[in-house]
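Engineer: The structure that follows is given in the form of structure tokens.
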């Protein structure tokens, strides 16, 4: 299947990552989903993931190269568990053409911008368009305005985020990886929105 | 070169008798002349070397024309505090240097390597579309507000008007052939637009004459140029390193850039000669600065060889076996390293890894902090393997020092490589490889104190590293660092490079070479020695013995190996030669532990004896 972005193999696995499944069952109670984070460099994608997966925040966090792979399982109130297999992609321009490698077959895409950077919001819109064009048709899209703790330097009004997300059928939330604000909420909300495999 | 008061002997054997200082000075021609250009014109104290000799007249004329910047280099750098500004004259030349945040149209080629055709390039059209969309939507500049998210670059506040910037001993620049800055070791590239334009003017002036500028000398500064298609690389240095060494460093910097972008970046310049490449390298400053740092400590950068972590033969075999297993399942290269040393490495079928590619790959991985956080999957290019295509690297750190790199041509292989890593990890754990690696990192490899004074006792000791160390004696040495220093015959340090294996081993640093500054000085001395031994104009040489106020340096080159050894400056020549013979014997005795041996290449089996 090479690098073609437009042919997600949804037939073999509605939520997962196509033919590269390496064991592990997929049942109604224990979901396993591929999630990809996209967005401009420096918006805090890695910080969101590290806060969610390890509960850490490193203010000197490092530029991601290629993409990092992490996983985290959460339990929902209806006693289902969701294992997120997270692709934390690099935001640099040179990796843009390689993004399909990582979002291909993803059940969830989290598009992140920095509320203190209008430019990163523009870039987020680019990623949304790209995902609409080339992502899975039933992909769950979330728009995240990160660095909400820096509200004094805000350049992107919360209303702009809400409106853009609504127009594009996305789930919207503002987070702060630094204060951990809304990080777990983000992933819990995503988990709730996942299409459940039919029970038989 | 005030430090070169030694002699050189470009003969098969060393000079039969130790010479007096006067005699040594009389035969100093080689070591001094290695800096002399073969083709040069001198104008205003600036010497310019170029490729074609027949363009000398053009050069002279040209130098007079551009003597504003070039002639001032010396004066300005010597007296930077007088505030003379060189290069500013050109700062108006290319005013659009800052203001063209264009999207690149850069789409690195995917792993379309020759062997496997797993990847489809059928989405080129889609890629173009993506790039166009992006053109409309975003402005690709590193915004000021978010710079702290990038790794800190050194001295970003500087530019070519800063005194501190001018006083830096060694600058490296990458620029485009339209004069746009791409990378500068010091200072902010964007502020150096004028300076870059000046460098570009020098290069293109010489190119207009159908020639290619190699080197400008101005006082104690050398300006070394390297042209790689649309990319220009320049080093300005007053470190007295040989031209060939500096040129080699520029080549490595260029190849490091290819590791990140591949040669397909050239197409961006074909589409748009004014293309601004800095956004494409966003966040990679640390990769380049770490490489440049290694030019002053890592012998691999001039030896073009790699080094192994010393390990018991069985331990390395265990690691090699599981890597081989994995390589047979569609992995192109499986490499296990600890810091910059190889634990084991395996290539699929006929694929072989060039030592320079290993150096650049290891530098890329070690300098990118994000690889330590979690397992990663990243495109990388190995310039000596295929400069036009990306391979895909699965990277995982087992501990703070030891990491696994699995390279493949298949962009979909992540989950397979992840499974491979889990298998490898289990085997490494079961056979204690990782703990042995940690132990080796602490113990080190060859300590010159262990080189036996009396070779007769050698047979009694086992041929394992470190086991014949007389413990009491070395303890005493630690207590008296200024007395009984080094090994026998005043041996301070050595590097042994096996030509067949593409590997080298260097002894551990010990007193008196125990500060970073002394190590760097010795490194530079080896580098110079290497360049003079391999000087195509004068060499090749078999042996060289030079004595200066810092060291006695002895170099011995055979078909199979090269030995570089540093001794106390008062060392006796005959004893130094004996010590070198013993080092070679020692290396042979422990070759199983210090080298990664494969079955084809002859190892250290040839016997040589250095004669007085």
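The values are calculated or read from the model by the stated rules, or taken from the named source; none is laboratory data. This structure is a prediction, so every number in the text was calculated from the model and none was measured. All Cβ positions, even for glycine, are placed from backbone atoms using ideal geometry, and neighbour counts span all protein chains on display.
Engineer: Tell me the residue from A:179, A:175 that is buried (at least 21 other Cβ atoms within 10 Å of the Cβ), closer than 23 Å to residue B:373 by Cα and more than 14 Å from chain B (Cβ to nearest Cβ), please. Break it down stepwise before answering.
Structural biologist: Details: A:179 fails: buried (at least 21 other Cβ atoms within 10 Å of the Cβ).
On inspection, the qualifying residue turns out to be A:175.
Engineer: Residues of region A:134-167 being at pLDDT 95 or above, at the interface with chain B (Cβ under 10 Å from one of its Cβ atoms) and part of a helix (DSSP H, G or I), which ones?
Structural biologist: Within region A:134-167, A:150, A:153 meet the criteria.
Engineer: Can you give me the number of residues within region B:393-436 that are in contact (Cβ under 8 Å) with a residue 24 or more places away in the chain and either within 24 Å of the chain's Cα centre (by Cα) or within 10 Å of another protein chain (Cβ to nearest Cβ) (or both)? Working first, answer last.
Structural biologist: From region B:393-436, those in contact (Cβ under 8 Å) with a residue 24 or more places away in the chain are B:393-414, B:416-418, B:420-421, B:423-425, B:427-428, B:431-434, B:436; that's our starting set.
Imposing the further condition that a residue be either within 24 Å of the chain's Cα centre (by Cα) or within 10 Å of another protein chain (Cβ to nearest Cβ) (or both) reduces the set to B:393-397, B:400-407, B:410-414, B:416, B:418.
Final tally of qualifying residues: 20.
Engineer: So, in region B:510-532, how many residues would count as being crowded, with 20+ Cβ neighbours inside 10 Å and within 15 Å of the chain's Cα centre (by Cα)?
Structural biologist: 6
Engineer: It is to be established whether one or more residues within region B:325-332 are within 29 Å of residue B:514 (Cβ to Cβ), away from chain A (no Cβ under 14 Å) and crowded, with 20+ Cβ neighbours inside 10 Å.
Structural biologist: no
Engineer: Taking the condition of being within 9 Å of chain B (Cβ to nearest Cβ) and buried (at least 21 other Cβ atoms within 10 Å of the Cβ), how many residues in region A:48-68 meet it?
Structural biologist: 8
Engineer: So, residue B:202, is that one buried (at least 21 other Cβ atoms within 10 Å of the Cβ) and part of a helix (DSSP H, G or I) or not?
Structural biologist: Yes.
Engineer: Of the residues that sit in region B:269-284 and are in a loop (DSSP other than H, G, I, E, B) and within 14 Å of chain A (Cβ to nearest Cβ), which one is surrounded by the fewest Cβ atoms within 10 Å (Cβ to Cβ)?
Structural biologist: By that ranking, first place goes to B:282.
Engineer: Among the residues of region A:77-133, which ones are assigned to a strand (DSSP E or B), farther than 20 Å from residue B:415 by Cβ, at the interface with chain B (Cβ under 10 Å from one of its Cβ atoms) and under 13 Å from the mean Cα position of the chain (by Cα)?
Structural biologist: none
Engineer: Name the residues in region B:285-297 that are in a helix (DSSP H, G or I) and either surrounded by 23 or more Cβ atoms within 10 Å (Cβ to Cβ) or touching a residue at least 60 places away in the same chain (Cβ under 8 Å) (or both), would you?
Structural biologist: Answer for region B:285-297, where residues must be in a helix (DSSP H, G or I) and either surrounded by 23 or more Cβ atoms within 10 Å (Cβ to Cβ) or touching a residue at least 60 places away in the same chain (Cβ under 8 Å) (or both): B:285, B:286, B:287, B:288, B:289, B:290, B:291, B:292, B:294.
Engineer: Right, here's the next one. Could you tell me how many of the residues in region A:37-47 are within 12 Å of chain B (Cβ to nearest Cβ) and touching a helix residue (DSSP H, G or I) at 6+ places or on another chain (Cβ under 6 Å)?
Structural biologist: Number satisfying all stated conditions: 4.
Engineer: Okay, moving on. Looking at the structure I just gave you, is residue B:300 within 21 Å of residue B:522 (Cβ to Cβ) and touching a residue at least 12 places away in the same chain (Cβ under 8 Å)?
Structural biologist: yes
One line per residue, one yes/no per condition, for (1) without any contact (Cβ under 8 Å) to a residue 60 or more places away in the chain; (2) in contact with a strand residue (DSSP E or B) (Cβ under 6 Å, 6 or more places away or on another chain); (3) in a helix (DSSP H, G or I); (4) under 30 Å from residue A:50 (Cα atoms):
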position	(1), (2), (3), (4)
B:344	no, yes, no, no
B:353	yes, yes, no, no
B:366	no, no, yes, yes
B:372	yes, yes, yes, yes
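Engineer: Pairs only if they're at least six apart or on different chains, beta carbon under 6 angstrom, first in region A:55-83 and over 26 Å from residue A:99 (Cβ atoms), second not in a strand (DSSP E or B); list them, first residue then second.
Structural biologist: A:76/A:191; A:80/A:29
Engineer: Could you list all residues from region B:324-342 that are without any contact (Cβ under 8 Å) to a residue 60 or more places away in the chain, under 16 Å from residue B:424 (Cα atoms) and touching a strand residue (DSSP E or B) at 6+ places or on another chain (Cβ under 8 Å)?
Structural biologist: B:324, B:327
Engineer: Which residues, taken from region B:310-326, are touching a helix residue (DSSP H, G or I) at 6+ places or on another chain (Cβ under 9 Å) and either in a helix (DSSP H, G or I) or closer than 16 Å to residue B:405 by Cα (or both)?
Structural biologist: The first filter runs over region B:310-326 and keeps only residues touching a helix residue (DSSP H, G or I) at 6+ places or on another chain (Cβ under 9 Å), leaving B:310-313, B:315-316, B:318-319, B:321-323, B:325-326.
Within region B:310-326, B:313, B:315, B:316, B:318, B:319, B:321, B:322, B:323, B:325, B:326 qualify.
Engineer: Follow-up. Tell me the residue from B:382, B:407 that is in a loop (DSSP other than H, G, I, E, B), touching a strand residue (DSSP E or B) at 6+ places or on another chain (Cβ under 9 Å) and over 25 Å from residue B:506 (Cα atoms), please.
Structural biologist: Values: B:407 fails: in a loop (DSSP other than H, G, I, E, B).
From the options B:382, B:407, the qualifying one is B:382.
Engineer: Give the residues of region B:424-438 that are buried (at least 16 other Cβ atoms within 10 Å of the Cβ) and not in a helix (DSSP H, G or I), sorted by residue number.
Structural biologist: Within region B:424-438, just B:431 meets the criteria.
Engineer: Just checking, which of B:194, B:118, B:179, B:122 is modelled with pLDDT of 85 or more and more than 28 Å from the chain's Cα centre (by Cα)?
Structural biologist: Selected residue: B:194, the only one of B:194, B:118, B:179, B:122 that is modelled with pLDDT of 85 or more and more than 28 Å from the chain's Cα centre (by Cα).
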